[in-house]
Amino acid sequence: MASEGIDDGAVDHRGDALPVLSKSATKMKMDKLLSTPLPQYGGSTPGSFFWTHAAWWIARRVRAAQFRTREVTGRETLPDDRGNLCCSWHTNGLIDPLAIALNHKKFFVLGGRHDLVTRPLLSWWTRRMAVQPVVRKAELLRGGCSEEEATQINGRSLLMLATGIAEGFGCVLFPEGTSHSDSSMLRFRTGPMRTVLAAGAIAKSKGQTLPAVIPIGLHFRKRELFRTDEWVEYGAPLQLLDEDIPDELVEAVKGGQWSEPPAEKVTALRDKLRLELVPMTPNTSDWSEYDALHLMGHVEARRANQPLASWREEVLAARALRDALQPSDMSLMETEVPAIEHPVLPPAKAAAQLLSERGLDGRDLNADGTDLRMFNPAKTIASLARLPVALLLLPVCLYAFGAQIAMGRLLGDSTDEGLDARTSYHFLAAMFGSLMFWPLLSILAVWLAVENTGSLNDVLGFDWLTIYGAGQVERLLAMATLGAGLFPLYWFSGRVWSKFWDDLTDFKRCVIRMTTRGSKRHNIRGALQNLHGEMDKMTL
């Protein structure tokens, strides 16, 4: 990253370091925060019906291009007859809530960091979707606003979110309170638990079904990379029970005012949620340990003649090894995860690092996991079939996406919000770039077509401006048809080239495997041999 966020060494009341703030997070625009539109619960969406559906439709198109593979499990367990509060760990900025909300059965009442509703361009959309701003402890303790102002904003926002959940909508809140880059979960904040307990009280006061808390695992192969793999894992719902909602809280929320749930109820729900969520994360001492577990998963599967076929299978294999190798008495409530003390880890880490230095991983091993695999001609058939189409559409793709790609790279690579925000900027550049650039590009293309009608007619063999007739209205209709037809062409060129990007990535990995020789190849073979030797001794 080109710049760093604001890190002044501030800590909370527990002595934990507060999140590093970006410049945007320090800009507290109180007038805009207090004028944020409130959600409405009479329809199918808390915000504007049209703009919510439009945003979701565009966001799904962008995510289809952003990820190479996407898998969702557990949706069938989501309760349809009550509100859902979805909670997960938070390591990928804006991509995390999108992964949860876009794959859920319900529309969401949304809350998030305060600058989501004050940033240029982004705020235009978030305000129409009735996103509610939340002031984090990090902003408050650094003096970004007064405690009275923070209480006013957060009290209103949490009440709106709780009401939305009680009315049967979905909601996503992150217990850690900030996006981060650690390989294990941070200490939990209480906001999500307080919100859903208040939602339960509102539902109980109206005789409605109590909401459920949904633990969710979010898994990205390399979260900061374009065309990475994603698995969204909806866990078993944690249903609020009648005894979780004291009568005093029910009476307090009847008047439509925010009231704090009892501390002991909040703490009990927080601990219950953590026990469910932690196993759905890497939960390792560092990322090198997690990479080693993934490599071991590939080797173990190859030794059993059952190679891992998907990113989800790879995550589950690493999880099973982690659970078997970590101490059985390790507390899931602690934020400090001890390193795995097992003889298999050093050779696994060494082999994983050697592969990583070459841009490779466990997918690049041969059938028995002892060396790098060779070239497979059968896997090039689809890539070769795509090649002429991709080359034909290259000018269209560069014309339609060139500015967006440049904007996304510039913003993503220069942000002061850390690696966890990189793909958020890529997503926003793709989404809003299309809305900004495509109409202008289509107008320019139509103007060029009109200015060069004669040459274009020679190529087409007919007068494209008179396809509906020779009158002025018919000519305008022909121009409008051309302009509108360019939009699906832009989208199609992007989809083709996102697939062809996968082909180029695979070709690059193949070249690396084929050209890894000499001492580098010898070291990889030796590390894998040591790993096999230690895995032979394992008793899981």
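Values in this text are rule-based calculations from the coordinates and carry no lab data. Small disclaimer: the values here were computed from a predicted structure and weren't measured. Glycine gets a Cβ as well: all are built from the backbone with ideal geometry, and neighbour counts include every protein chain shown.
Remarks
- Counting all C-alpha pairs of segment 28-280, share separated by more than 23 Å (%): 49 percent
- Taken along the Cα-to-beta-carbon direction at a fixed 7 Å, the label points for residue 459 and residue 386 span 2.6 nm.
- Backbone phi angles across segment 314-329, fed through the Karplus curve with coefficients 6.51, -1.76 and 1.60 (θ = phi - 60°), yield HN-Hα couplings of 5, 5, 5, 5, 5, 5, 4, 5, 4, 5, 6, 9, 6, x, 5, 9 Hz in residue order; Gly and Pro are listed as x.
- Along the chain, longest interval not containing exposed GluC sites (Glu not before Pro), exposed being DSSP loop plus at most 14 other Cβ atoms within 10 Å: 5-333
- Per-residue ellipticity at 222 nm from helix content only, as computed over the chain with -39500 (n - 2.57) for each DSSP H run of at least four residues, stands at -17500 deg cm²/dmol.
- Under the simplified labelling scheme, the residue 333-residue 80 pair shows an inter-label distance of 3.9 nm, with each label point 7 Å from Cα along Cα→Cβ.
- Shape category assigned to segment 379-515 from the gyration tensor of Cα positions, a/c cut at 1.5: oblate
- What the phi angles of segment 212-218 give under the Karplus curve with 6.51, -1.76 and 1.60, with θ = phi - 60°, is a coupling list of 10, 9, 10, x, 9, x, 10 Hz, glycine and proline written as x.
- Cα gyration tensor shape of segment 371-455, rounded if a/c is under 1.5, else prolate or oblate by comparing a/b with b/c: oblate
- When both bridge partners sit in the chain, DSSP labels roughly 35% of those beta bridges antiparallel.
- Listed pairs 32/222; 32/272; 106/206; 105/206 exceeding 29 Å between Cα atoms: 32/222; 32/272
- The modelled label-to-label distance for the pair residue 403/residue 105, using points 7 Å beyond Cα in the direction of Cβ, is 4.2 nm.
- If the convex hull is drawn through the Cα atoms of the chain, its volume per residue in Å³: 189 Å³
- Between amide H atoms placed 1.01 Å from N, distances below 5 Å from residue 132 occur with 110, 111, 112, all of them 5 or more places distant or on a separate chain.
- Shape category assigned to segment 287-365 from the gyration tensor of Cα positions, a/c cut at 1.5: prolate
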